[in-house]
1. Just need log10 I(q)/I(0) for the range 268-365 at q = 0.10 Å⁻¹, Debye formula, equal scatterers on the alpha-carbon atoms, no solvent, rounded to two decimals.
2. Determine the share of the chain's accessible area contributed by carbon and sulfur atoms, expressed in whole percent, with a 1.4 angstrom probe.
3. If you add up the charges near Pro91, with Lys and Arg at +1 and Asp and Glu at -1, over every other residue whose beta carbon is less than 10 angstrom from its beta carbon, what do you get?
4. For the chain, what are the per-bin percents of Cα-Cα distances with bins 10 Å wide, up to the bin holding the maximum?
5. Quick check: net charge around Thr57, other residues with Cβ under 12 Å of its Cβ, Lys/Arg +1 and Asp/Glu -1?
6. So how strong a dipole does the chain carry about its Cα centre when Lys and Arg Cβ are +1 and Asp and Glu Cβ are -1, to the nearest 20 debye?
7. Separation between the Ser212 and Thr147 pseudo-spin-labels, each 7 Å from Cα along Cα→Cβ, expressed in nm?
8. Could you tell me whether the range 311-371 comes out rounded, prolate or oblate from its Cα gyration tensor? Rule is a ≥ b ≥ c as square roots of the eigenvalues, rounded for a/c under 1.5, then prolate if a/b exceeds b/c, otherwise oblate.
Amino acid sequence: MEFVIKISQFLLSLSLLIILHELGHFIPAKAFKTRVEKFYLFFDVKFSLLKKKIGETEYGIGWLPLGGYVKISGMIDESMDTEQMSQDPQPWEFRSKPAWQRLIIMLGGVTVNFLLAILIYIGMSYFYGDMFLPNTNIKDGLLIESTVANKAGLLTGDKILSVDGETIETYSEISEKVLFGKDVTIERDGVKSVVHLPEDFLAQLIDSKEKSFISLREPFVIVQVADTSHNKASGIKEGDIIVKVNGNKTRYADQVKGYLEQFKGQQVTATVLRDQSEIDLPLKISEEGKLGLVYAGRSTPETLEALGYYNYETKKYGLLESVPVGVTKFKQRIVSYWDQLSAIFTPSTGAYKGVGGFKAIYDIFPSFWSWQVFWGITAFLSIMLGVLNLLPIPALDGGHVMFLLYEIVSGRKPGDKFLEYAQMVGFFILIALVLFANGNDIFKAIFN
């Protein structure tokens, strides 16, 4: 069932983005009376799953889910229709239109991607508002169990105040800013200091294969006591929270685990909080430092707030208020993604090791259905698709835009043969990038 939910969200989001992106090319092409021969969701290599011709355009669904396309007459694209290009230009063809019209047609796809992201962020701000944890409300610091982060100088209990001089306002900002930052200002035991991260910090994290990086410190809440547990007869129950071990306060799960390591193979007195009362129970710690109990690894904000650990804040917006909020979120996300892309193309950071393909995108979606999460991911993917399509690679929209801008500035149009060769080179570059990204997915699946 989990697979069905995740793949449904993945395909729905991908299909929506592809159709709207191609519609961004289709509408201005039609407006400028340019013939559109095909409009396809997914690629119809050799055959299509569905197709229907309406007017001069064939609409269809291909079998290869690697994207989609519109085939515009008189345009050198992935179809490499050299036969058509060898004939005399016709008034309805792309190549016969003024450069400014061709530029608008080529920019239509990414324009729709960016507008879609803005509209989603505006809608989410209006319908859901913003629930966030102010950084100042994290009183006892963060959970930082990554050995790479620890080696760099970040420890559990540290409060992260700023990264590269930029003050951290909310908890949700922390991980991303640290991942792509250099100088992290922390507060430890009331003393402020600056941790200088190594240039290849992200690469070290990827190589370490550790899933945990920076997260909130949470209570040790028992969620299951198995019948086979060696502490089944101790009297401990689901919902109990371990708040002391041998009289030592353990407000957080990381503190409990520290005592489990210290008292391996021994019996301890654990004080649990149950129905607002504290109860002492004898618990046996195995030689491996385990209690034989399942505890909550990720509590919901509502649970953490109800237990008095963190105070979240919620902002609600009216329709007009949602517009600037949505636009601001869009700006923040596009700047953030551009920083990530810059890191990927800087070999010394090692960020390229974290590049993923379709499997990585699939993994972003949760195993439960949430429209709020779905639209948030779709907005980010729309930004990603728009930015990637603007890269100056001939097989992408950005490549066509590059040559059109050259034509507008110089007054000279690149020859069709040159464009054909450029398209072929760009296509091979694109295939190499796709193979690299999806190859990374396969490598991680096998060796992680």
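1. Cα-only, vacuum Debye calculation for the range 268-365: -0.69.
2. Details: 14540 of 23800 Å².
Ligands and nucleic acids excluded, carbon and sulfur reach 61 percent.
3. Here the charged neighbours net out to +2.
4. 4, 16, 23, 23, 16, 10, 6, 3, 1
5. Cβ neighbours under 12 Å give a net charge of +3.
6. Charge dipole, the chain, about its Cα centre: 520 debye, nearest 20.
7. 1.3 nm
8. Numbers: a/c = 2.71, a/b = 1.58, b/c = 1.72.
Taking the square roots of the gyration eigenvalues as a ≥ b ≥ c, the range 311-371 is oblate.
The values are calculated or read from the model by the stated rules, or taken from the named source; none is laboratory data. Values in this document were obtained by computation on a predicted structure and should not be read as measured data. In this analysis, Cβ positions are derived from the backbone assuming ideal geometry, glycine residues included, and neighbour counts consider all displayed protein chains. Note: accessible area is taken over every heavy atom of the protein model, side chains too, but ligands, DNA and RNA are not part of it. Shrake-Rupley method; radii C 1.70, N 1.55, O 1.52, S 1.80 Å.
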